[in-house]
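Notes follow once the structure below has been shown.
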Amino acid sequence: MEFSKDALDHVIHLSHLRVAPEKKDAYLKQLQDILKYMDKLNALDLSDTDAATHSIEASTPLREDVVVESGDLLLEKNAPKWDDHAFEVPQILGGDD
Amino acid sequence: MSQWLTASLAELHKALRSGDVTSTELVNVHFNQTDAIDSSVKGYLTLSKESALKTAADVDADLKAGKDLPYLAGIPIALKDNLSVKNGITTCGSQFLKNFEAPYTATSVQRLIDERMPLMGKANLDEFAMGSSTENSSFHTTSNPWDLDRVPGGSSGGSAAVVASYQVPVSLGSDTGGSIRQPAAFCGITGLKPTYGRVSRYGLVAFASSLDQIGPFARSAEDAAAVLNVISGQDPADSTSSAEPVPDFTANLTQSIEGLKIGVPSVLLGKMVSPNVRETVLSALAVLTDLGATWEEVDFDLFDYAVSTYYILAPAEASANLARFDGVRYTSRDMNAPNLVEMYKNSRGEGFGPEVQRRIILGTYVLSSGYYDAYYLKAQKVRTKIKAGFTDFFKKYDVMITPTTPTVAFKKGDHASNPLEMYLADIATIPANMAGLPGLSVPAGLADDMPVGLQILGKPFDEETILRVGHQFQQKTTHHTQRPPLEGGLVQ
């Protein structure tokens with residue numbers, strides 16, 4: 001299944017990216033080559049193989065349910081726009097999208 | 001030429017305790033080396049002279065007062081710039097984070113601070129640790145100290161280059177698919193990726209959370225072991241960090257490797273590796289045989305599937321980890337966007353470089369509806385096979401040895417337009433991340449005047465054995481002491 005221009009546009013939208021048209025052409029070819037290379041995996045019989053989500057098997061350690069102070073997270077300092085204990089952002093609806 | 005630039009950590013420790021040198025002198029001579037050489041190597045992004053000298057002065061005062069200090073106190077170290085240091089800028093090599101001030105310090109870094117090591121500065125990297133050459137840094141490209149027209153490797157290219165050019169004796173990097181081991185090989189130094197979970201990832205800006213590990217660069221296995229001692233251990237702030245006991249990694253380095261069984265995958269001695277790299281690795285294996293180890297070729301065809309598996313799983317995880325950089329809260333934003341979604345798209349479009357964008361797109365695609373089974377699920381199953389392959393391998397052998405990279409360091413721009421070619425260079429290093437194994441790269445010699453790395457992979461949590469093999473190899477050879485032909489040399 002070749003990765004198409006429509007698929008690229010759709011995934012760029014899902015990724016919340018903006019890509020200039022001239023870069024898109026380059027990305028399309030590069031991603032097609034990369035995805036074609038991944039066809040290699042079809043040579044393997046995986047019918048009896050489980051999916052691994054971790055590299056090392058381990059269980060999640062638990063701790064006591066106590067509040068630990070996290071200190072100043074510098075939210076205001078790193079916020080592009082801050083208004084009274086909140087990140088200020090543009091309206092959700094409206095504009096070109 | 002300053003003896004302090006080429007001294008081992010053990011020698012520096014001794015000299016500090018005997019008063020032959022002060023920490024302030026060490027910090028100054030290393031910054032002088034930076035002044036002399038880094039305008040051509042460009043390993044650093046930022047220097048922290050004031051805080052390094054403050055740490056050094058405090059160490060000097062305590063040494064003079066006869067206080068008992070940690071082993072590596074007073075010895076300078078540099079950090080890859082995806083490691084958070086509180087109140088410092090952490091850029092991850094990205095324009096997106098060029099003004100980002102970290103609100104906390106990474107646990108691995110805090111352990112270096114608690115060890116009283118002066119932090120010299122932040123080293124350059126491929127943006128968000130995505131790359132194998134440091135050419136993807138949005139700030140500048142670092143040069144390989146052995147040949148300024150060649151790459152230092154990546155993504156921890158800056159961390160490798162500053163050690164290889166004697167600007168620091170040790171540094172920290174991170175390794176997701178080879179990003180410590182490959183630059184170590186390219187720059188002719190020692191680099192260690194610990195077992196997954198050995199070192200806390202808290203404060204390491206995440207690329208692929210099931211693969212990332214922090215580890216040391218050094219000029220010897222012994223020095224890498226000393227740094228590993230400091231940074232290892234379970235951390236309540238990282239639930240993936242392991243409760244596995246932490247030994248003294250320097251304690252058994254001098255033990256013989258007589259009887260050690262080494263397996264070498266035939267596929268990595270074959271046509272995918274350049275002849276001069278293969279010859280260098282075979283010579284290194286002969287040295288290990290002289291030391292009493294035995295080796296044989298093994299079939300391990302799973303290496304053929306490593307790159308395709310990794311470049312599905314890692315970008316998938318990266319697409320999730322980098323979703324947080326949306327223009328809302330991490331400094332960068334398109335302030336003129338008319339609505340929220342435009343803000344996300346424009347901020348991310350402007351803030352991320354091409355390789356990061358490519359990997360986010362790839363990762364989103366392989367996770368998306370209709371493609372998840374064909375790519376992501378399939379890759380997870382191949383990961384199971386790779387892990388099982390290593391489990392079987394280690395029933396018969398103690399370590400696996402391979403060339404760290406198929407070629408020596410390539411010239412800048414060689415793979416600029418072909419990312420797949422760049423990805424294929426990671427073939428030898430990726431499997432260790434898939435299976436969470438520890439891996440060490442040590443210098444094995446030169447080919448065409450450029451360093452060749454020997455990779456030693458061990459069982460989970462068996463850093464002791466791979467460090468012992470590396471150390472024994474370095475007792476019998478001098479490759480790790482060879483110096484690049486630095487323009488400007490080493491300062492007085």
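The values are calculated or read from the model by the stated rules, or taken from the named source; none is laboratory data. The structure displayed is predicted, hence computed values, not measured ones. When we count neighbours, we look across all protein chains shown, and the Cβ atoms used for this are built from the backbone with ideal geometry, even at glycine. When the accessible area is computed, the model is the full protein with side chains, heavy atoms only, and any ligands, DNA or RNA have been set aside. Shrake-Rupley method; radii C 1.70, N 1.55, O 1.52, S 1.80 Å.
Table for the structure above
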{"quantity": "Cβ pairs under 9 Å, 6+ apart, first in segment A:28-54 and touching a residue at least 24 places away in the same chain (Cβ under 8 Å), second basic (Lys, Arg) and surrounded by 15 or more Cβ atoms within 10 Å (Cβ to Cβ)", "calculated": "A:Leu31/B:Arg358"}
{"quantity": "Residue count for segment B:443-483, restricted to those that are open to solvent by less than 10 Å² (accessible area, probe 1.4 Å) and assigned to a loop (DSSP other than H, G, I, E, B)", "calculated": "1"}
{"quantity": "Exclusive hit being among the hydroxyl-bearing types (Ser, Thr, Tyr), free of Cβ contacts under 8 Å to residues at least 40 places away in the same chain and either outside any loop (DSSP other than H, G, I, E, B) or more than 10 Å from every other protein chain (Cβ to nearest Cβ) (or both), set B:Tyr305, B:Tyr375, B:Tyr371, B:Tyr365", "calculated": "B:Tyr365"}
{"quantity": "Cross-chain or 6+ apart pairs with Cβ under 6 Å, segment B:314-326 first and under 20 Å from B:Gly178 (Cα atoms) and modelled with pLDDT of 95 or more, then of a type in the set (Gly, Ala, Ser) and open to solvent by 20 Å² or more (accessible area, probe 1.4 Å)", "calculated": "B:Glu317/B:Ser209; B:Asn321/B:Ala206"}
{"quantity": "Contacts under 8 angstrom Cβ, first residue in segment B:243-260 being farther than 18 Å from B:Asp290 by Cβ and within 14 Å of chain A (Cβ to nearest Cβ), partner in a loop (DSSP other than H, G, I, E, B) and of a type in the set (Gly, Ala, Ser), 6 or more apart", "calculated": "B:Glu244/B:Gly197"}
{"quantity": "Filtered residue count, segment B:368-385, keeping only those that are open to solvent by 50 Å² or more (accessible area, probe 1.4 Å) and touching a Phe, Trp or Tyr at 6+ places or on another chain (Cβ under 9 Å)", "calculated": "2"}
{"quantity": "Condition check for B:Ala251: more than 20 Å from the chain's Cα centre (by Cα), modelled with pLDDT of 95 or more and within 24 Å of B:Leu172 (Cα to Cα)", "calculated": "yes"}
{"quantity": "One residue from A:Leu17, A:Leu31 being open to solvent by less than 10 Å² (accessible area, probe 1.4 Å), within 7 Å of chain B (Cβ to nearest Cβ) and touching a Leu at 6+ places or on another chain (Cβ under 9 Å)", "calculated": "A:Leu31"}
{"quantity": "Scope segment B:423-442; condition assigned to a loop (DSSP other than H, G, I, E, B) and out of contact with any strand residue (DSSP E or B) (no Cβ under 6 Å at 6 or more places or on another chain); matching residues", "calculated": "B:Ala425, B:Asp426, B:Ile427, B:Thr429, B:Ala435, B:Gly436, B:Pro438"}
{"quantity": "Counted residues, segment B:386-430 - those being within 11 Å of chain A (Cβ to nearest Cβ), modelled with pLDDT of 95 or more and either surrounded by 20 or more Cβ atoms within 10 Å (Cβ to Cβ) or under 23 Å from the mean Cα position of the chain (by Cα) (or both)", "calculated": "3"}
{"quantity": "Residue that is farthest from B:Pro315 (Cα to Cα) [pool: residues in segment B:378-389 that are in contact (Cβ under 8 Å) with a residue 60 or more places away in the chain and aliphatic (A, V, I, L, M)]", "calculated": "B:Ile386"}
{"quantity": "Tally of residues being of a type outside the set (Phe, Trp, Tyr) and open to solvent by less than 20 Å² (accessible area, probe 1.4 Å) across segment B:297-320", "calculated": "12"}
{"quantity": "Qualifying residues in segment B:190-205 (those that are of a type in the set (A, V, I, L, M) and closer than 14 Å to B:Leu79 by Cβ) - the one most open to solvent (accessible area, probe 1.4 Å)", "calculated": "B:Val205"}
{"quantity": "Residues located in segment B:337-366, provided they are within 22 Å of A:Lys29 (Cβ to Cβ) and of a type in the set (A, V, I, L, M)", "calculated": "B:Val356, B:Ile360, B:Ile361, B:Leu362, B:Val366"}
